[in-house]
Amino acid sequence: MKCGYCQRQANHNRRACPVKKRDAEMFEVHRFPQKFSVGSLVVGHPAPPRWAGERPRTDWTAGVLFHILSEPQPDYHSWGGMYDVICLSGKDAGKRAQVFGDFLNSI
Ligand SMILES: [Zn+2]
């Protein structure tokens, strides 16, 4: 069957989805912010759901290589802070952007 949460072919349904359970735990324990340093290379990875019942995200940042240009600027949601970045790959390569820290992973 196809899981209604993670959209994978799996032997579980939305209610029993292990991805959903893990996402809920991450949100509850506030694993963010993760801290990145100016000059670091990081890769975009959509944040886990931020709201109860939200599905996994897809986002333009997925798989994009970024160069961190700033310290994290505080965001009151505790979503990892907002970083100034320059896109190094993808259709926005060469452009500057701002990305929340929970949409970034270390390489
Ligand atoms: Zn699932």
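The values are calculated or read from the model by the stated rules, or taken from the named source; none is laboratory data. All figures in this text were calculated on a predicted structure; none of them were measured in a lab. Please note: Cβ atoms are built from the backbone with ideal geometry, for glycine as well, and neighbour counts cover all protein chains shown.
Among residues that are of a type in the set (Ser, Thr, Tyr), surrounded by 13 or more Cβ atoms within 10 Å (Cβ to Cβ), within 16 Å of the ligand (Cβ to nearest atom) and not in a helix (DSSP H, G or I), residue 5 is included. Looking only at residues of segment 22-40 that are more than 14 Å from residue 100 (Cβ to Cβ) and surrounded by fewer than 13 Cβ atoms within 10 Å (Cβ to Cβ), we find that the one that is modelled with the lowest pLDDT is 29.
Can you name the residue in segment 8-22 that is assigned to a loop (DSSP other than H, G, I, E, B) and more than 17 Å from residue 57 (Cβ to Cβ) and, of all such residues, is farthest from the ligand (Cβ to nearest atom)?
From segment 8-22, those assigned to a loop (DSSP other than H, G, I, E, B) are 8, 10-13, 17; that's our starting set.
When the remaining residues are screened for being more than 17 Å from residue 57 (Cβ to Cβ), the result is 10-13.
Numbers: 10: 5, 11: 10, 12: 6, 13: 8 Å.
Taking the candidates together, the pick is 11.
Of everything in segment 37-62 that is assigned to a loop (DSSP other than H, G, I, E, B) and small (Gly, Ala, Ser), the residue that is nearest to residue 73 (Cα to Cα) is 37.
Looking only at residues in segment 78-89 that are in a loop (DSSP other than H, G, I, E, B) and at pLDDT 95 or above, which one is nearest to residue 37 (Cα to Cα)? Selected residue: 88.
Quickly run through segment 93-104 and pick out the residues that are surrounded by 15 or more Cβ atoms within 10 Å (Cβ to Cβ) and either in contact with a Ser or Thr (Cβ under 9 Å, 6 or more places away or on another chain) or not small (Gly, Ala, Ser) (or both). Walk me through how you get there before you give the answer.
Filtering segment 93-104 for residues surrounded by 15 or more Cβ atoms within 10 Å (Cβ to Cβ) gives 97, 99-104.
Matches in segment 93-104: 97, 99, 100, 102, 103, 104.
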